[in-house]
Number of protein chains: 2
Amino acid sequence: MPRRKTTSRMSDRPTMRDVARRSGTSVAAVSRVLNGGVVSDAYRDRIEAAIRDLGYRRNDMARGLVTGRSGLIGVALPDLVGPLYAQMARGVEDVLETRGMHAMVVSDQRDPNAERDAIELLRGRQVDALILIGTRLGDAELRDAAGDVPVVLVQADRPDGERPQVRLDDAAGMRAAFAHLHALGHRRIAHLSGARRDGAERRAAFEACAAEAGLEVAPVVPGDSTEAGGERAAEEVARHLATAVACANDRSAVGLIHGLRARGLRVPDDVSVVGYDDLDWTRYLSPPLTTVRQPGRWMGREAARLALADPDASERSHVRVAPELIVRGSTRAPASAPATASTPPSTPPGPIP
Amino acid sequence: MPRRKTTSRMSDRPTMRDVARRSGTSVAAVSRVLNGGVVSDAYRDRIEAAIRDLGYRRNDMARGLVTGRSGLIGVALPDLVGPLYAQMARGVEDVLETRGMHAMVVSDQRDPNAERDAIELLRGRQVDALILIGTRLGDAELRDAAGDVPVVLVQADRPDGERPQVRLDDAAGMRAAFAHLHALGHRRIAHLSGARRDGAERRAAFEACAAEAGLEVAPVVPGDSTEAGGERAAEEVARHLATAVACANDRSAVGLIHGLRARGLRVPDDVSVVGYDDLDWTRYLSPPLTTVRQPGRWMGREAARLALADPDASERSHVRVAPELIVRGSTRAPASAPATASTPPSTPPGPIP
DNA sequence: CGAACGACTGAAAACGTTTACAGCCCGTGT
DNA sequence: ACACGGGCTGTAAACGTTTTCAGTCGTTCG
């Protein structure tokens, strides 16, 4: 039996044609009802009724084909499971939602080649803009992969001056952590570094702070961004007799605390530890972790705003987000040199007796 | 200046027409090269060269429009930020990736109305199937919202016998937790219940276990799924003099431990606590949490497999995933009645010095 | 009273693909 | 020599929308 040509093949989903026929009008009228064009009330009623009766839903692919836009923003991130990235994605959704748009999220599993594929995929779907989180692609590769689609970079590996982008002010975060420790009276402060990925700036800031404060002992002990790496680092931290450690991230801070404990060192009694990231569960550790909060959701929001902004508008397109120090239980004054002052939020240099 | 009609308007992205012209062939030939049809080698070479030169990318919207399929599986989940859901999403991606398909993930923020919208959106994008994680929609609502798109349910609130679905065997998980506690020698075991959402089955299983074991004291103390709820529950747990608590989820278990500690009760010395979920950080608590692991990623994989399966194939479409008990440091034998036997499942009896 | 105007309406042309179909060319079997 | 078949190729018709443009019809102004 030949298919009736009056109805579409894909599972007989009704089309605007069907709606038009049932309501005795035309597809143009239906389109106008759907998109808020001008239609008489009588028409509108009849068409809306037909839409309900038929259970009609618009086919966004066809729509996108003719309008040349998809209402989609592509988000490529290294990993859906990392809480920070997920929060960013959510931030993006927050603002898209208010514009009737949506995010298409794909994770590239930290593989630079997969990242290119992800962008490819997103472009095929005609996304209206791309938000690249933690991209490893350089300027040229990016131009090549993204073509003419507007791109917003979030925490890019190699910042590209030209493109809109949002970055965490990692230096400021590390300065806050260091200042907190210093104000508590610590003078032997170590840094547990992270993966090159986002650890470089934090490490540089730490070294700058240490130099500025004139610390004689400020070892940088290498870690990756894992608990295991932190645990391994405990040995070296202990060897340096550091009384405080500013870590490049929470995960290695947690590992470090375990390693320290395994060596009979207590936190914060013997060693103070401050993390970086504020993974949402670190407050439930004992002691609760003092750490630097990365406002992931907010960064996602900013990124979305940039992606939606008119590229010609002369708005500033580089957003630098300031992290916030969250003081909890893993830091205190060293036994040897008691605290002199509590740390005010952003740490003007406290008086030293 | 009128636009040349030979080129498309949207940012002058090249089309198959352009490729055909440049290579002196036809769009059909180009399409065949792209989709692995039959073409002579000479043609293939010329066309591939043109594709490279022009930087042509296929427009998946146009393609989807004619083929009636999108290569997309829609995933609706309550919240991207919850680690379990994110893991499920990742599991889905795992298997789609191998089929050259992709997931379109939208989070409905736990709101049943937003969930309907999400499904609507996904349908508009012509997803080839829908994976609904933790849906609250009932059978009828679902039929209405999803129409003829194949649907796979994951951890649905109200299981719908007809549709393919994957569920965690919550009863088995709770039985494992209970058995572990009981084998350690605990006889006053409490249950900290969770939100109705996914707590009902766990609670029922607990009560069944308690009855079967003939426990005289087995209070169920109400909690929600938050740390705060767990903390509040500590009071009542203490009042019942329970020596062990099987919780409906990790978050409230963590809160409970805090609350217990605030009352001077130590874990596991005075009270053993087992969680449920195995959030990936609970191993870093002190003590590390004994808990029941939900294999989120694996569930996601199963769901994707079901979504891709031929609906007519007489495969079994109900998958029940068994959780695994992870024994760590938050449980031990009660002081009053030392352990009689170790728990068979995952704890080989370690030598006791 | 005629004409111009305004508010609505519908036909039809895109949009960039896939695919059925018909055509071409060349080699082969009879 | 002719028919036939097979391997490639191009034309054109969908797919379901949006949008332009030319109407239609009543109303209002001059």
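Where a ≥ b ≥ c are the square roots of the eigenvalues of the C-alpha gyration tensor, would you call the stretch A:7-153 rounded, which needs a/c under 1.5, or, failing that, prolate if a/b is larger than b/c, or oblate? Taking the square roots of the gyration eigenvalues as a ≥ b ≥ c, the stretch A:7-153 is prolate. Put +1 on the Cβ of each Lys and Arg and -1 on the Cβ of each Asp and Glu in chain A; which of A:Ala309, A:Leu241, A:Gly24 then has its Cα farthest toward the positive end of the dipole? Looking along the dipole axis, the top candidate is A:Gly24. The residues neighbouring B:Pro268, those whose beta-carbon lies less than 11 Å from its own, together hold a net charge of +1 under the Lys/Arg +1, Asp/Glu -1 convention.
Summed over both chains, the accessible area lost when B and A associate is about 5000 Å², using a 1.4 Å probe. Legend: Rg and Dmax of the protein assembly as shown, from Cα coordinates, 29.1, 96 Å. In plain terms, chain A is cut at each of the GluC sites (Glu not before Pro) found in a DSSP loop with at most 13 other Cβ atoms within 10 Å, and the longest leftover piece is A:1-161.
Each part gets one Cα centre, and for the stretch B:76-116 versus the stretch A:252-275 those centres are 36 Å apart. Placing unit charges on the Cβ atoms only, positive for Lys and Arg and negative for Asp and Glu, gives the stretch B:69-163 a dipole magnitude near 180 debye about its Cα centre.
Sequentially through the stretch A:217-222, phi angles give Karplus couplings (6.51, -1.76, 1.60; θ = phi - 60°) of 10, 8, x, 9, 9, x Hz, Gly and Pro residues having no value and appearing as x.
Its DSSP H runs of at least 4 residues, each contributing -39,500 (n - 2.57), put the calculated 222 nm mean residue ellipticity of chain A at -13000 deg cm²/dmol, to the nearest 500. Once the stretch A:36-123 is represented by equal point scatterers at the alpha-carbon sites, with solvent omitted, what log10 I(q)/I(0) does the Debye formula produce at q = 0.16 Å⁻¹? For the stretch A:36-123 at q = 0.16 Å⁻¹, log10 I(q)/I(0) is -0.80. When DSSP beta bridges are restricted to pairs lying wholly in the protein assembly as shown, around 10% turn out antiparallel. Relative to the longest principal axis of the Cα atoms of chain B, the long axis of helix B:227-239 lies at roughly 20 degrees. Considering only Cα atoms, the convex hull volume of the stretch B:12-58 works out to 59 Å³ per residue.
Once the Cα atoms are used to define both axes, helix B:112-124 deviates from the longest principal axis of chain B by about 30 degrees. Divide the volume of the convex hull around the Cα atoms of the stretch B:69-178 by the residue count and you get 109 Å³ per residue.
Magnitude of the charge dipole for the stretch B:12-58, about its Cα centre and with charges confined to Cβ atoms of Lys, Arg (+1) and Asp, Glu (-1), is about 160 debye. Less than 5 angstrom separates the built amide H of A:Val105 from those of A:Val75, B:Val105, all sequence-distant by 5 or more or on a different chain. Going by a ≥ b ≥ c, the root eigenvalues of the Cα gyration tensor, does chain B fall in the rounded group (a/c under 1.5), the prolate group (a/b larger than b/c) or the oblate group? Prolate is the answer for chain B, as a/c is 1.5 or above and a/b outweighs b/c. Label-point distances for A:Ser26 to the equivalent site in the other copies, using a point 7 angstrom along Cα→C-beta, read 3.4 nm when ranked shortest first.
R0 = 22 Å: FRET efficiency of A:Leu34 with B:Ala62, Cβ-based, nearest 0.05? Efficiency, rounded to the nearest 0.05: 0.60.
Please label the shape of the stretch A:170-290 as rounded, prolate or oblate, based on the square roots a ≥ b ≥ c of the eigenvalues of the alpha-carbon gyration tensor (a/c under 1.5 means rounded; beyond that, a/b larger than b/c means prolate, else oblate). In terms of gyration-tensor shape, rounded. Given +1 at the Cβ of Lys and Arg, -1 at the Cβ of Asp and Glu and no other charges, the dipole of the protein assembly as shown around its Cα centre is 1680 debye to the nearest 20. On the stretch A:221-327, 48 percent of the accessible area sits on carbon and sulfur atoms, based on a 1.4 Å probe. Helix A:83-98 and the long axis of chain A differ in direction by around 40°, with both axes built from C-alpha atoms. Under 5 Å from the amide H of A:Glu324 lie the amide H atoms of A:Arg293, each residue being 5 or more positions distant or on a separate chain, with H modelled from the backbone and absent for Pro and chain starts.
Accessible area per residue for chain A, computed on protein heavy atoms with a 1.4 Å probe, is 45 Å².
The values are calculated or read from the model by the stated rules, or taken from the named source; none is laboratory data. Predicted model, so just to flag it, every value in this text is computed and none were measured. Virtual Cβ from ideal backbone geometry, glycine too; neighbours counted across all protein chains shown. Accessible surface areas use protein heavy atoms only, side chains included; no ligands, DNA or RNA. Shrake-Rupley method; radii C 1.70, N 1.55, O 1.52, S 1.80 Å.
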